[in-house]
Structures are given as structure tokens and as C-alpha cells.
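J.: Input: one structure, supplied below.
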Amino acid sequence: MDKRYNYNKSTIYCSYTSVATNLKMNKSTIYFGIIILLSISIYFLYNSNFQKTTNDFNFGAFSINIPKNWKKIEYNGIDSYVGGITNGNDSLTFDYGWYSYDFSYEDGEKQLFATDTINGKIALLTKPKENGNGTIGIYIEKAYKENRFNLIGKNIADEDLILDIFKSIKFKDSDTTLNSKSIGFSNKITPYSGRSLFYVNCAACHHKNKNMTGPAFGGIKELEFKKWILDSTDLNEIDKTEFGISYHRKAFGKLLTENEIEKLIEYSKSE
Ligand code: HEC
């Protein structure tokens, strides 16, 4: 009996110590695991920060995404927000306010121009005909609230990089889903093409050739455009539908100028 008892006791003792060592092992394995996990995540955080090739630079009303080797230059502008970005070699300066430059003094012999939709804003772009020899810039007339915006550089050879920077420009109310696929440069300045106006303002409901929420844009008569958007004489006209005449007049009557409506009409007639 005694023997058995002792035997049992030692078994009990043995299993107790083995549980204890097991527990110890488990605890240190857990600590070890936590340390490994922590170092892995610190490594990744550290690494991802260092390998990230671009930085989002916030300038208040707008932000620009630029390569890591670029940094901010700041000046004090009068009546506008003036500043820039540089990599030490090339630099771009911006002007955000009322007096931004719309490229009207650029040499048409030496420059190419394009109109494009960048994050929902219609932008005029220019670049030199001869790579790296002239002005490369973007101008947005309706940037944010009443402000205009431009970002310009001179004699920069890496045009693709600069155009990528331009495409990253976002204002507080920018719609990042609205972008043209490619920028088509030509010899002529066409600041506000009907096509870009259409994409920014009307394409949510109208398609050029198909009926969607609204009727196909292509088939709409010139007079209808004027009546639906410009005519503000009778705002009490009863709408048949939610997005009828009064919706259009309210949404676009003040937003679009007569000239812009003409451009939209031209676009509706184009092939
Ligand atoms: C929120 C949706 C929406 C947006 C955005 C929109 N429309 Fe419309 N539009 C409609 C709908 C719906 C109709 C048809 C309404 C009806 O018949 O009562 C319509 C009708 C029209 C008509 C009248 C067509 C006809 O033949 O009677 C014109 C003109 C028009 N839209 C122009 C525009 C223009 C220009 C823009 C952009 C500046 C625009 N719309 C943006 C929804 C929209």
C-alpha cells in the first residue's frame, strides 16, 4: 500500500512538474512569439516607409503626391498661396488663388496643350514640343471655391514624372473617380473642352449615345439645352420628374457660363 502510495505520489509530483515546465515553455514560447511578431511588424513598418516612393504633401486646400526625394519650398504669396516643390535639381512652383496663370502667354510655336479631367477638375496642361525645353504646367480654373490653381516648371526632362505629379493633384472637393484615361496634347489651347465639361458635370446621368438616367446627350436639341440650363425666367415651372428643368437650372445655371454651355452643345453635336 505504502509503495503504491509513494509511487502514486511521485507520479503526481512528476506530472505536476511536467505541467509546470510545460507552462513555463508555453509562456516563454508566447513571449518569444510576441517578440518575433513585434520585430516583424516593426521591420515591415520601417521598411514600407523607406521603400515608399512617394509622399502625399498636404498644402491645406490641396494635396500633391510626389516622389520621396522631392520636398516643399515655401514662399509668402500676396493674395494667393504660392509655393513649390523641388528635388534640388528640378522644381515646380504653384500659385493658388485668383491670379493663377492660364498659359495665355506661352509660345504656341514651342508648346503643346491639352485639356483633361484630373480628379474631377478640368485642367489645362502644357508641355514643350521639344522635351525638356520649355514650360511644363497645369492650370485649373475652377480649383476650389473661387480659386484658380497652377503648378509650373521649366526645362524639365522627365515629363512622365511631372505629368504623374499633375495627375495626383487633389482639392478638398476633388472626385478621384473622374479622370480621363490619357492626356492628348495638341498645338491648340482648348481650355474647357465640351467633352471635359460633359464628363465632370453631366456624365453621372447622361451618356453620349445611350439613354441612361437622362436621355442620350447626342440627340438633345440646342434649344433644349438653353431652355433647361440658361433660362432662369421661370423657376417655378412644374417638373415632371425629380431631375427635370428646375433641377438642371439650379444645379448648372450658375455653375456653367454661357460659353461653357455652348461648348457642351458643340460636344453633343460632335461624333
Ligand atoms: C442627376 C442626373 C442628371 C445630371 C447630372 C444631368 N442631367 Fe440632364 N437630365 C436628367 C434627366 C433624368 C433628364 C430627363 C428629365 C425629364 O425629362 O423630366 C434630363 C434631361 C436633360 C435635358 C432635356 C432633354 C430633352 O430633350 O428634353 C437637357 C438639355 C439636359 N438634361 C442637359 C444636361 C446637361 C447639359 C447636364 C450637365 C451640365 C445634365 N443634363 C446633367 C438627369 C441629369
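J.: Against the condition out of contact with any helix residue (DSSP H, G or I) (no Cβ under 8 Å at 6 or more places or on another chain), at pLDDT 95 or above and not in a strand (DSSP E or B), how does ILE156 come out, does it pass?
T.: Numbers: out of contact with any helix residue (DSSP H, G or I) (no Cβ under 8 Å at 6 or more places or on another chain): no; at pLDDT 95 or above: yes; not in a strand (DSSP E or B): yes.
Taking the combined requirement at face value, the residue does not satisfy it.
J.: Quick one: which of ILE78, ILE85 is more than 18 Å from the chain's Cα centre (by Cα) and either at pLDDT below 85 or not in a loop (DSSP other than H, G, I, E, B) (or both)?
T.: On the way: ILE85 fails: more than 18 Å from the chain's Cα centre (by Cα).
When all the criteria are applied, what remains is ILE78.
J.: For the stretch 194-213, indicate whether the set of residues that are over 20 Å from ILE261 (Cα atoms), surrounded by 12 or more Cβ atoms within 10 Å (Cβ to Cβ), away from the ligand (no atom under 13 Å from the Cβ) and of a type in the set (A, V, I, L, M, F, W, C) is non-empty.
T.: no
J.: Out of LYS240, LYS254, LYS269, LYS226, which single residue is more than 23 Å from THR117 (Cβ to Cβ) and exposed (fewer than 14 other Cβ atoms within 10 Å of the Cβ)? Don't jump to the end; show me each part of the working.
T.: Details: LYS254 fails: more than 23 Å from THR117 (Cβ to Cβ); LYS269 fails: more than 23 Å from THR117 (Cβ to Cβ); LYS226 fails: exposed (fewer than 14 other Cβ atoms within 10 Å of the Cβ).
Result: LYS240 is the single residue among LYS240, LYS254, LYS269, LYS226 that is more than 23 Å from THR117 (Cβ to Cβ) and exposed (fewer than 14 other Cβ atoms within 10 Å of the Cβ).
J.: Okay, moving on. For the stretch 214-232, name all the residues that are near the ligand (Cβ under 7 Å from one of its atoms), out of contact with any Lys or Arg (no Cβ under 9 Å at 6 or more places or on another chain), assigned to a helix (DSSP H, G or I) and of a type in the set (A, V, I, L, M, F, W, C).
T.: If the condition is that a residue be near the ligand (Cβ under 7 Å from one of its atoms), out of contact with any Lys or Arg (no Cβ under 9 Å at 6 or more places or on another chain), assigned to a helix (DSSP H, G or I) and of a type in the set (A, V, I, L, M, F, W, C), then PHE225 is the only one that fits.
The values are calculated or read from the model by the stated rules, or taken from the named source; none is laboratory data. All values reported here derive from a predicted model rather than from experimental measurement. Please note: Cβ atoms are built from the backbone with ideal geometry, for glycine as well, and neighbour counts cover all protein chains shown.
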